[in-house]
Amino acid sequence: MSAAGADAVGGRKVDGWRWAGRIFILLLSIFAVLPMVWMVLTSIKTQFAALQYPPEWWPKNPTLDQYTTLLNPTSDVGREFLGYLWNSIWVCTVTTILGVVVAVPAAYAFSRFRFPGRAWMFYAVLLRNMFPAVVFLMPLFILMRYLHLVNTGWSLVLTYLTFGLPLSIWLLKGFYDNIPPQLEQAARIDGATRFKAFILIVMPLSSPGIIATAIYSFIISWNEYVYAVTFLNDQDKLTLPVGLQRFFTEYTTNWPGLMAASFIMSVPVVVMFLILQKYFVRALTEGAVKH
Amino acid sequence: MAEVLLRDVVKTYGPFRAVDNVSLKIEDGEFVALVGPSGCGKTTTLNLVAGLIPISGGDIYIGDRLVNDLDPKDRDIAMVFQNYALYPNKTVAKNLAFPLQMRKLPREEIERKVAEAAKVLDITHLLERKPRELSGGQQQRVALGRALVRDPRAFLMDEPLSNLDAKLRVQMRSELKRFHQDLEATVIYVTHDQLEAVTMADKMAVMSGGVLQQYDAPAEVFARPRNMFVASFVGSPAMSLVPLEAAGSGDGVRLVSGDGWSLELSPENARKAKRASSPSVVLGARHSTLRVHKSAVPGAVPGKVYIVEPTGDITFAQIYLGKSIVVVSLEPHVAIAPDEPVWVEFDQTRIHLFDGATQQALTLD
């Protein structure tokens, strides 16, 4: 009897915690999702409705005007916005491609080869990420001036690589560590060179990791603001985060326009993440546990 | 197929000698097992033959070619790995075809050879599956198929059976042996399981601490172990080893135990014992050569039963002779109980004597 009673109490306790957990997660989700919902709702309101008080919770006359203006290359606003969008895509794509091209062989080398200085080099790549970005703002700016890269997209590509690459290498190394070296050995015995074994056997197996790493480096570049605002001056070179900031100051009254621009900026990130989250989660957890 | 020759092969990692001056000659068509406990250098030796790690010293020949500096792909060997190392993203058919594609064989020939190998191994119905959809035994067959699909000069096998369950292991053991006989293949087979080595190999190379301890036919290794390590490693249960002191009395020699009993050696064994570098002599005896009596018998030494382990057709008993344990085998109907006092009789024609200082076998030649 007493044992059963204790069990029941124990059971209720566990249930209590479980509910507390659920409520916590629910609150957290609301906290995370609500601003985005509000962003989307505001972007389809008329300008007048967006400024109403008390707010119009659900748009009475939804309109896509802001989107058509922003994406219309013949209007001034549209030209400006599409310019920012194009700059962002260019910088992030180049960063991502260069990052993957360097990170893949680097991570493979760290995972497979034993060479002098391997351990400290591996930790050294992380050193850059142990400091806040602002610390490197001035040194990197001066460096970019020496390289005559200030006010070009390349200054951002180089800068993003300095913090994107180390994490990409770490992420990918975990992946390679989990691919048994016997597979490459088998391939080499079966008649492949070391390079062919890598291309034909290891690369296909690590493609989820490579995809995840690429998305990851794309997203951090896409969202970066501090360096972009420091290194770029010309309006036609700005990337989206900085461009958006200019929208804020120039068109303060046009809240639906700003929200539409913000929404368009988040679309690539969200879509990529949703499609490829499977790989992403796998990349972050793989290597954590030995199988 | 070809012979494989290792001459004074050395592999060092810093000051550590993983493989220490190993010389082996594996004849064309011979099945040689490299055995030893984990860390003895057997897998390292195999990887040196395969070319997967660079050699530190000595020479390796495959056929009449010196292969020291050749890439694995140019050595014309096939290897079966402990974890099978099947390419997980390829189907069974593509796994089997891979070595042939790497050698740029024409497509029809690849298809024909894959079908042939699949038929031999009875895996034709699995050709379109991915490795993860196969059982352990099936994966093992595919791994074997990938090795034999292209008729290499030698097969290297690194503990290929140790991931299988006990029943399948025994079955695959016979199949491997049969496969070796049918193909007259040169096989170098690494295992830590001395039973696999004894049952399958033409010759076994027993290794310990990177050093080759003995290289002989299994029966020879079993009957005449060269030192105490080989004696205790080969045979199941292991040979019992009892450390004793030799005491001379004229021509005769008695082996005296610190526990108060002694054993008078036969004249032949006495001559062996006299060759020891010190009075310390180790007496070795296999379980089947010992007889157990329930009452005192001349020549038998007193002991006390420790554990009785019935296995069905044989019962093993561990018996304390003073502080040393010996294992004896008994007919299953013999009634024997723990803590029972017994007398153990050694068969002087079948005991082994070792030099207690050098651990080497004491022989007359």
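The values are calculated or read from the model by the stated rules, or taken from the named source; none is laboratory data. If you're wondering where the values come from, they're calculated on a predicted model, not measured in any experiment. Positions of Cβ are backbone-derived with ideal geometry, glycine not excepted, and every protein chain shown enters the neighbour counts.
Just a yes or no: is a residue in the stretch B:57-66 within 13 Å of chain A (Cβ to nearest Cβ) and either among the acidic types (Asp, Glu) or in contact (Cβ under 8 Å) with a residue 40 or more places away in the chain (or both)? Checked against the condition, which is being within 13 Å of chain A (Cβ to nearest Cβ) and either among the acidic types (Asp, Glu) or in contact (Cβ under 8 Å) with a residue 40 or more places away in the chain (or both), the stretch B:57-66 yields at least one hit. Among A:PRO180, A:PRO208, A:PRO204, which is the only one that is in contact (Cβ under 8 Å) with a residue 24 or more places away in the chain, assigned by TED's automatic domain parsing to the domain that holds A:LEU85 and not charged (D, E, K, R)? A:PRO208 is the lone residue from the list that is in contact (Cβ under 8 Å) with a residue 24 or more places away in the chain, assigned by TED's automatic domain parsing to the domain that holds A:LEU85 and not charged (D, E, K, R).
Among the residues in the stretch B:95-104, are any in the same structural domain as B:GLU196 (by TED's automatic domain parsing), surrounded by fewer than 21 Cβ atoms within 10 Å (Cβ to Cβ), in contact with an Asp or Glu (Cβ under 7 Å, 6 or more places away or on another chain) and in contact (Cβ under 8 Å) with a residue 60 or more places away in the chain? No, every residue in the stretch B:95-104 fails to be in the same structural domain as B:GLU196 (by TED's automatic domain parsing), surrounded by fewer than 21 Cβ atoms within 10 Å (Cβ to Cβ), in contact with an Asp or Glu (Cβ under 7 Å, 6 or more places away or on another chain) and in contact (Cβ under 8 Å) with a residue 60 or more places away in the chain.
Is it true that A:ALA212 is touching a Lys or Arg at 6+ places or on another chain (Cβ under 9 Å), more than 14 Å from every other protein chain (Cβ to nearest Cβ) and over 22 Å from A:LEU85 (Cα atoms)? The answer is yes for A:ALA212. Among residues that are more than 25 Å from the chain's Cα centre (by Cα), surrounded by fewer than 22 Cβ atoms within 10 Å (Cβ to Cβ), away from chain A (no Cβ under 12 Å) and not in a helix (DSSP H, G or I), B:ARG129 is included. Checking A:VAL157, A:VAL226 one by one, the residue that is surrounded by fewer than 17 Cβ atoms within 10 Å (Cβ to Cβ), away from every other protein chain (no Cβ under 14 Å) and either closer than 26 Å to A:VAL271 by Cβ or among the hydroxyl-bearing types (Ser, Thr, Tyr) (or both) is A:VAL226 and no other. In summary, helices (runs of 4 or more DSSP H) completely within the stretch A:60-153 and bearing 2 or more residues that are at pLDDT 85 or above and in contact with a Lys or Arg (Cβ under 8 Å, 6 or more places away or on another chain) occur at A:76-112. Within the stretch B:57-85, if we keep just the residues that are more than 26 Å from the chain's Cα centre (by Cα) and within 30 Å of B:ARG132 (Cβ to Cβ), the residue that is surrounded by the most Cβ atoms within 10 Å (Cβ to Cβ) turns out to be B:LYS73. As a summary of the residue check, A:ILE179 satisfies the conditions (1) surrounded by fewer than 17 Cβ atoms within 10 Å (Cβ to Cβ); (2) within 19 Å of A:GLY209 (Cα to Cα); (3) among the β-branched types (Val, Ile, Thr) except for the one numbered (1).
Taking the stretch B:71-122 as the range and being within 13 Å of chain A (Cβ to nearest Cβ) and among the charged types (D, E, K, R) as the test, the residues that pass are B:ASP71, B:LYS73, B:ASP74, B:ARG75, B:ASP76, B:LYS90, B:LYS94, B:ARG103, B:LYS104. Count of the stretch B:34-56 residues, restricted to those that are surrounded by 15 or more Cβ atoms within 10 Å (Cβ to Cβ) and either over 24 Å from the mean Cα position of the chain (by Cα) or more than 14 Å from chain A (Cβ to nearest Cβ) (or both), is 8. Residues in the stretch B:7-42 that are in contact with a helix residue (DSSP H, G or I) (Cβ under 7 Å, 6 or more places away or on another chain) and part of a strand (DSSP E or B): B:VAL9, B:LYS11, B:ALA18, B:VAL19, B:VAL22, B:PHE31, B:ALA33, B:LEU34, B:VAL35. Among the residues of the stretch B:306-339, those identified as assigned to a strand (DSSP E or B) and either over 30 Å from the mean Cα position of the chain (by Cα) or touching a residue at least 40 places away in the same chain (Cβ under 8 Å) (or both) are B:PHE316, B:LEU321, B:SER324, B:ILE325, B:VAL326, B:VAL327, B:VAL328, B:SER329. Residue pairs whose Cβ atoms lie under 7 Å apart, sitting 6 or more positions apart in sequence or on different chains, and linking a residue in the stretch B:202-221 that is under 24 Å from B:PHE179 (Cβ atoms) and in a strand (DSSP E or B) to a partner that is at pLDDT 95 or above and among the hydroxyl-bearing types (Ser, Thr, Tyr), are B:LYS203/B:TYR215; B:ALA205/B:TYR215.
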